[in-house]
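> Take a look at this one; I'll ask things after.
The values are calculated or read from the model by the stated rules, or taken from the named source; none is laboratory data. A quick note: this is a predicted structure, and the numbers were derived from the prediction, not measured. Note that each Cβ is placed from the backbone with ideal geometry, even for glycine, and that neighbours are counted across all protein chains shown. Just so you know, the surface numbers come from the protein's heavy atoms only, side chains and all, with ligands and any DNA or RNA stripped out. Shrake-Rupley method; radii C 1.70, N 1.55, O 1.52, S 1.80 Å.
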Amino acid sequence: MVAITIRDIPDDVRDELASRAARSGKSLQEYLRGMLIDTAARPTVSEVLRRARARVEATGSRLDVATILTAKDADKR
């Protein structure tokens, strides 16, 4: 495993992150490590959009906003 150093973090940001870590029962290092792992595991916005566009191209499906909202509202009934 590698070590990462981040410099010039404002004191108030460090304090808030340390408070969140403490509330989670973790050290600041554990808390930040978990955040980094979770972030790396999620696709980027551009990746999600690329996948969505690929699905639209593969299926040829195109729905307008009104159709989507009607279907969404029908699920609430």
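> Dividing the Cα radius of gyration by the Kirkwood radius, what Rg/Rh value follows for the chain?
1.23
> Tell me, in nm to one decimal, what length is gained between Ala18 and Lys76 on full extension, where the rule is 0.36 nm per residue of separation less the Cα-Cα distance?
16.8 nm
> Per the 1.4 Å probe, what fraction of the accessible area of the chain, in percent, lies on carbon and sulfur atoms?
56
> Could I ask something else about it? Is there a quick way to get the dipole size of the chain? I mean about its Cα centre, with the Cβ of Lys and Arg at +1 and of Asp and Glu at -1; what is the value in debye to the nearest 20?
Here the size comes out at about 400 debye.
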